[in-house]
Structures are given as structure tokens and as C-alpha cells.
Amino acid sequence: MDKSERNWLFFLIALFVVVNAVTLSTLVPWQSWQLWQKVTPAKVVNIEYEDYIISMEAPVEIKKGEYVQFAATSTDVTYGFGVFRKDNSMVFQMQVLPGRTNTIIWMFDETGVYDVRSTEYSGPKHSGMVVRDAIEVK
Amino acid sequence: MAKLGWIEKWTLRFTVVALLFMLLSGLEGMLMRSQQYDINSLHGMETLLNNIRPVGSDISTENLYYAMLTAHPIVGIYGFVYMAIFGAFYFLVPYLVKKPVKHPKLVVANFWLQIIGVMVCWAAGFFGLFNALYTLYWPLPVAFDRVPLIGSIAFMLGAAIIMVNILIFSYNIFKTVLSKDHDGSYTVGQFLRAAFGIPRLMKLFGKEDKGAVNLDYNGMPVFIVAVARGSIDTVINAVVLLAAGVLILVYGVFALLGHPLNPGAVDALLYKNLYWWGLDMVADGNVLIYTAGVWYLLVPLLTGRKLFGANVVKTVIMVDLLVSMGVWSHHLLGDTSQPMWMRLFSGQLITWGEIFTMGLTLFATLMTIWKARPVKMSPPLQFTLGSMFGFVMGAMAGILQANVGLNVVLHNTQWVIGLHAHALLLTGVGTMLFSVIYTLVPMLTHLEFKFKKLVDWHFWLWMIGSVGMAMAMGMAGSKGMLRRTLYTGGEFTPYTLAAIIFGSILSIGFIIFVVNLVSTLGLKNVFSLVIPEKWQKSTEKV
């Protein structure tokens, strides 16, 4: 292997190590509860999907800084569960597969009112699958 | 124009049809973008076209949008990319191994079957309103209250034709390389060992593969090894998608006969794993390795210098096969039902293997150009460099989203389809295919492109347009704009408008290219490519 190739390979290895180390660390805030510590959620929010309808107790009241588990089930096809700010930017999301309980834990660090939207295509009426003001973080 | 040989003529035919599919796919992309900007923008056209649709005139804009979104990648990938690759490889492989195509009739069959397959899929969307998207997430394609039954059956038949056709193409390419008609014949075992890189692996452990006389990568053109290696992925891709298509087809036929089967009999997560394992092979085999193979071929040819670090390149081809087998979970990072260890290793860490294989590929080709200085910046070299830029851009975006942390906010957004997929397919693969066309047309026809200025215009408009469009979509994605979602409330319009503007620039670049190509070949010659030879002879007699 040529010296320049070896140097380039070292650069790629360094890139691999640095980017993976940073993104797996708690510098990405949700990695702390997704990967590194087992947290007990203060609340479990159940969401059910059927025939293009998202059924959940809305608005869900959540305290800023507490862990909440969202548990979503579908009785027909695959959907998505996504939480969005009022400016349409995404907070987090997961896929909702039928026949399984799909769970994700989150800790909100900002107060405010959030919308829930299906993030996976489920048929032509998918665009309308939005629950406005579904979550209120205090 | 020089009198074309049989295979040269077919190569140009594949190219012409590939460009027509590119035009259709691009038009669909622009139409969908205009609907994203203003959902009512196509109402007039929709009303007009609904008159020729057998499913009735009461069709929602959403129905039409998602049907178009389903057809768009099929036309773009299996129409444009595959047709162009079929044409190029049917010329280049026999040329490099110095053997004729083993089964010429299969070349003709490939040409027509691909057109038929793609058009059946397209018609399943256009007329049958099939809308389950290319992802075909179980059980959506068999949820016949959401997806039209006839459209679903038609789409699966079209997809099956395409997949069988890809298997026929791979068979013909393998048979050509393995043909014993001329010198340098290989057995199937020897060839597969070379494609899997066994001789090189043995060499690493200080052993010699005695059965691989003149068959180690040292003896075989790197391009051929890349084609063989990429074809393994392509074959796996075709087999898995064919199996999924047959499964959906069976459900469709039973539903048609009034005996619907239970969709719950198939586990959605297991299906998704198997489907993505096969589907992602198209990215590794076709997009990455075929492209790398073309760079390995073109760069030494264009610079007049031997490929830099050829031994490393050969090892890279081998390693990438192992990588490609294990990366599919990056499509399931949003599935919390998928075990975390699979998401972490397959979805993130193994996927990072591609940064090594593609990184070393780019380094080898760029160093070849650097060491060959001064080089003449010919159109093919210009486009080859452009395609490398596209790959760097698309790969960096891809590697960021293939991450268990960052995917939480990037999954299923416009980032994925814009900055990753469109950058790879348009700026990467599209630009690479243009470099092939700019190389092959003078080679086949002995004609230089007529308007040199237009080549520059094509290059810069294509690059600015494709990069700008991908950036606009990527920025929208980073702000939360979803892919596979038609926004009806005017959300994200500034980004969509930017994507429309850059998409228009890209389209102008493409039209300039077509004008230059047709002017170079001559309109009469272009028509002679698409008119059957029998008709041409009868016309000549008259």
C-alpha cells in the first residue's frame, strides 16, 4: 500500500472513530436514555392507529424534564409516530408496525404545545393524519 | 456517422430509451414538486387526464400524487439507470474481454422486456392508481381498501418482468465473460471466486489459488470484476424483489377470486428486514460498485495513466461485498421493534464500512488523475469528476442519517430522499452515465459532439441544478419536512420553491444535452435507431 493511501486510510479511520464516538455519546442528548442508561418513565402514553386515525388522549400533559414513554400500536398497516413543534420542525419519530407495540422514551427539554403526525406513508389519506395540539409540555 | 455494428446499434438504442425514461421521470418529479408548492397547481391537467382513466373521474389529488410517487423511482432507476447500464455494459464487457455477447437474442429481449416492465409499472400508477410506493411496506400493498387491486396486480406483474429481465441480463453478462468461444475462457467456479475475491483473500494469508490462473484480479480487467461483483448484488436484489412481488401477486389474485388471504400471516418486521436486505443491494451493487467500476475503467482511459493503487482497489471490491450484505438495518433505524444491537451494528457501524470502500475508491481515482497531470479536461473527465462530487455529497448525507442517534430526527424526512438519494442518483450516477455517453458516442460513431459550448452548459446547469435541488430538499428535511407526504397547508413552500427553481435549471441542462446529442447523431440516424431494421430496408427499397 502506498504511503499516501495509508495516510488516507488513517484519516478515514479517524473520521469513523470521531463521528461515531460523538454521535453515540451523550452529546446527542437522547442517546443518554436511548443507549446509556435504563430510565423508568414517569408516564406511559398509549397511541392507537387504525384506518388512518390516530387515537390518543389529547392533549397529553407532560412535565418538562420527565421521561415519558410513547407506546404505539396499529391494527392494520404500518404508520409512523412523530412529534412536531408548531413551526413543523421534528422533535423525534418512530415507525409503527402492525402486530407489535412500538415504544420510544423521550424527555422534553422545552415547554410548549406539540402536534403529532404520522411519519410513514399508509395510503392516499396519509397526509391528513395529524393530531393538532396533541402534547402540552409544562 | 460511421456504419454501426450490431451491438453498437443496440447500445445506442438502450441509451436513447434510457434518456426518454429520464425525461419522463424528471417530468414526474417536477409535477410532484409543483403539487407540493400548491396542491391545486395541476387540477386542470388532472381533470383532463381523469377522462382517460378507467377508474373514474372522482379521484383525489392525493391519490394521483402518491400514484405518481410510486411510479417515479421505477421509471428513474429501472427505466433510466438500468437501461443505460444494460446498453453500456453490453458494449463494454465484450469489448474488454474480447468476446462477442454470448446470447445476442437476449440483448433484444432485455431491451423490450425492460421497456414493457417499466411501462406496465408506470401504467399501474397512471391508469390503475397503484400507490403503495416502492417501499411496499407490508401489508400496505395487499390492503386493497387503500391500494387498488387491479393496479396492485398490474404493478407486481410489471415488477416481475423487470426483475426476471435483470436476471436474464446478469446471466448473459456472466455467460459472455465465461464463454469458451475464444481465448481466456473461465469456469463458473473460477469466475465466481474472482468476483468474491477469494484469490485475493488467499493471497492475504500467503496462499495461492492455483485454480485461478490468470484469473486473479491481476489478470482480469478491474471493470469486469466490478461488473461481476456488482451483478451479485443486482441478482440478489432482483431475486428478493421478485419474491416480494410474487407474494403480493398471490394475495392479489386470491382477493380477485373472492378469497382474500390473511395479511397477518406475514410478519411486518421480518418482511421489512428481508425486503430491505434485498432492496438495498441495488444501492451497493448498481449505484456504488457499478459506478466505481466505470470510474476504474474511464479514468485510466481518459488520463492515459494506470489506475493508482490497483491492488487496494481490488481488495476494496471484495470487502464491499461483505459490507453490502450487512448494512440493510440502516433502513430500519426508525423501527424501535428492531433489536438495538442490529440497529447499532448493521444500521450504523457496518454501514460505515462503505465510507472506507468508497473513500478508497475515490482516492484511487483522484490520485490517478492527479498523477497524470497535466490532463486534458475532456467532457467525460469533467463529468466523471462531477459524479465523484455527487457521491461525496450523497454519501456524507447518507452516513449521517445511518446513525442511531441522528436518525431519530432525520428518518423519513426530505433529507434522506434529497441530500442522500437524489444527490447520489442525479449528481452521482446520472453524471457518471453522462460521462459514459460522452465517451461511448465518439467511440461508437466516430463523431465528436457538435457543440462543445453546449457540453459545458450541460455540465454546469446539471451540476448546479442537481446539487441545488438536493440541498433545498435536504434543508427542508432538516427542518422536519417529511418525504412520502403531500403537504396540503402550504408548509415548507420556500424550500419547495427553491427545489423547483433548481429542478428547472437541471431540466434545462438535460434538454441542452439532448439537443447536442441529437444534433451530433443527426435526427435521421436517431430515428433509424428506433425504427425496426426490417422497416428501414423496406423504406430503402421504396
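The values are calculated or read from the model by the stated rules, or taken from the named source; none is laboratory data. These figures come from a predicted structure and were not determined experimentally. Glycine also receives a Cβ, built like all others from the backbone with ideal geometry; neighbour counts cover every protein chain displayed.
Structure values in brief
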read-out	value
Residues of the stretch B:480-533 classified as within 14 Å of chain A (Cβ to nearest Cβ), outside any helix (DSSP H, G or I) and either without any contact (Cβ under 8 Å) to a residue 12 or more places away in the chain or not aromatic (Phe, Trp, Tyr) (or both), total	11
Within the stretch B:28-64, considering residues that are closer than 27 Å to B:Ala498 by Cα and acidic (Asp, Glu), the one nearest to the other protein chains (Cβ to nearest Cβ)	B:Glu62
Residue in the stretch A:63-79 that is buried (at least 16 other Cβ atoms within 10 Å of the Cβ), facing chain B (nearest Cβ under 10 Å) and β-branched (Val, Ile, Thr) present	yes
Number of positions in the stretch B:164-220 that are over 20 Å from B:Asn311 (Cα atoms), crowded, with 18+ Cβ neighbours inside 10 Å and either at pLDDT below 75 or more than 28 Å from the chain's Cα centre (by Cα) (or both)	1
B:Val313 in a helix (DSSP H, G or I) and either more than 23 Å from B:Ile85 (Cα to Cα) or more than 14 Å from chain A (Cβ to nearest Cβ) (or both)	no
Yes/no for B:Leu385 being hydrophobic (A, V, I, L, M, F, W, C), away from chain A (no Cβ under 14 Å) and assigned to a loop (DSSP other than H, G, I, E, B)	no
Single unsatisfied condition, B:Gly347 versus (1) surrounded by fewer than 23 Cβ atoms within 10 Å (Cβ to Cβ); (2) out of contact with any Asp or Glu (no Cβ under 8 Å at 6 or more places or on another chain); (3) more than 18 Å from B:Asp233 (Cβ to Cβ)	(1)
Filter result for B:Ser25 (among the hydroxyl-bearing types (Ser, Thr, Tyr), modelled with pLDDT of 95 or more, touching a helix residue (DSSP H, G or I) at 6+ places or on another chain (Cβ under 6 Å) and more than 30 Å from B:Pro100 (Cα to Cα))	yes
Neighbours by Cβ (under 6 Å, 6+ apart or cross-chain): first from the stretch A:22-34, more than 18 Å from B:Trp341 (Cα to Cα); second crowded, with 17+ Cβ neighbours inside 10 Å	A:Val28/B:Gly405
Qualifying residue in the stretch B:125-146 (condition: farther than 26 Å from B:Leu269 by Cα and either surrounded by fewer than 19 Cβ atoms within 10 Å (Cβ to Cβ) or without any contact (Cβ under 8 Å) to a residue 40 or more places away in the chain (or both))	yes
Evaluation of B:Glu448 against (1) farther than 26 Å from B:Leu400 by Cβ; (2) of a type in the set (D, E, K, R); (3) crowded, with 17+ Cβ neighbours inside 10 Å (one fails), failing number	(3)
B:Thr485 being in contact with a His (Cβ under 8 Å, 6 or more places away or on another chain) and of a type in the set (Val, Ile, Thr)	yes
Neighbours by Cβ (under 6 Å, 6+ apart or cross-chain): first from the stretch B:240-264, more than 22 Å from B:Trp328 (Cβ to Cβ) and modelled with pLDDT of 95 or more; second of a type in the set (Gly, Ala, Ser) and assigned to a helix (DSSP H, G or I)	B:Gly252/B:Ser152
Residue satisfying condition, being of a type in the set (D, E, K, R) and modelled with pLDDT under 95, within set A:Glu66, A:Glu120, A:Glu57	A:Glu57
Selection from the stretch B:242-295 of residues that are within 14 Å of chain A (Cβ to nearest Cβ) and under 19 Å from the mean Cα position of the chain (by Cα)	B:Tyr275, B:Trp276
The stretch A:14-49: number of residues that are touching a strand residue (DSSP E or B) at 6+ places or on another chain (Cβ under 8 Å) and of a type in the set (Phe, Trp, Tyr)	3
Test: residue in the stretch B:473-487 that is on the phi > 0 side of the Ramachandran plot and more than 18 Å from the chain's Cα centre (by Cα)	yes
Boolean, B:Val299 is away from chain A (no Cβ under 13 Å), closer than 23 Å to B:Ile77 by Cα and touching a helix residue (DSSP H, G or I) at 6+ places or on another chain (Cβ under 7 Å)	no
Lone unmet requirement of (1) within 13 Å of another protein chain (Cβ to nearest Cβ); (2) part of a helix (DSSP H, G or I) for B:Gln338	(2)
Verdict on A:Val18 being β-branched (Val, Ile, Thr) and either at positive phi or part of a helix (DSSP H, G or I) (or both)	yes
Some residue of the stretch A:90-100 being over 30 Å from B:Leu270 (Cα atoms), over 16 Å from the mean Cα position of the chain (by Cα) and modelled with pLDDT of 95 or more	no
Residue count for the stretch A:100-121, restricted to those that are part of a strand (DSSP E or B) and either surrounded by 23 or more Cβ atoms within 10 Å (Cβ to Cβ) or more than 8 Å from chain B (Cβ to nearest Cβ) (or both)	10
Count - residues of the stretch A:20-52 that are facing chain B (nearest Cβ under 8 Å), among the hydrophobic types (A, V, I, L, M, F, W, C) and crowded, with 17+ Cβ neighbours inside 10 Å	3
Condition check for B:Leu113: surrounded by fewer than 19 Cβ atoms within 10 Å (Cβ to Cβ), assigned to a helix (DSSP H, G or I), out of contact with any strand residue (DSSP E or B) (no Cβ under 7 Å at 6 or more places or on another chain) and of a type outside the set (Phe, Trp, Tyr)	yes
Which listed residue, of B:Asp284, B:Asp320, is touching a helix residue (DSSP H, G or I) at 6+ places or on another chain (Cβ under 6 Å), in a helix (DSSP H, G or I), under 30 Å from A:Gly99 (Cβ atoms) and acidic (Asp, Glu)	B:Asp284
Among (1) more than 23 Å from the chain's Cα centre (by Cα); (2) modelled with pLDDT under 95; (3) within 14 Å of chain A (Cβ to nearest Cβ); (4) surrounded by fewer than 21 Cβ atoms within 10 Å (Cβ to Cβ), the one test that B:Lys98 misses	(3)
Members of the stretch B:351-381 that are under 26 Å from the mean Cα position of the chain (by Cα), in a loop (DSSP other than H, G, I, E, B) and surrounded by fewer than 19 Cβ atoms within 10 Å (Cβ to Cβ)	B:Ser378
Pairs with Cβ under 7 Å, 6+ apart, first in the stretch B:304-328 and more than 25 Å from B:Leu349 (Cα to Cα), second among the polar types (S, T, N, Q) and assigned to a helix (DSSP H, G or I)	B:Arg305/B:Thr368; B:Leu307/B:Thr368; B:Phe308/B:Thr368
All strands (runs of 3 or more DSSP E) inside the stretch A:44-89 with 3 or more residues being in the same structural domain as A:Val116 (by TED's automatic domain parsing) and touching a Ser or Thr at 6+ places or on another chain (Cβ under 9 Å)	A:67-74, A:79-84
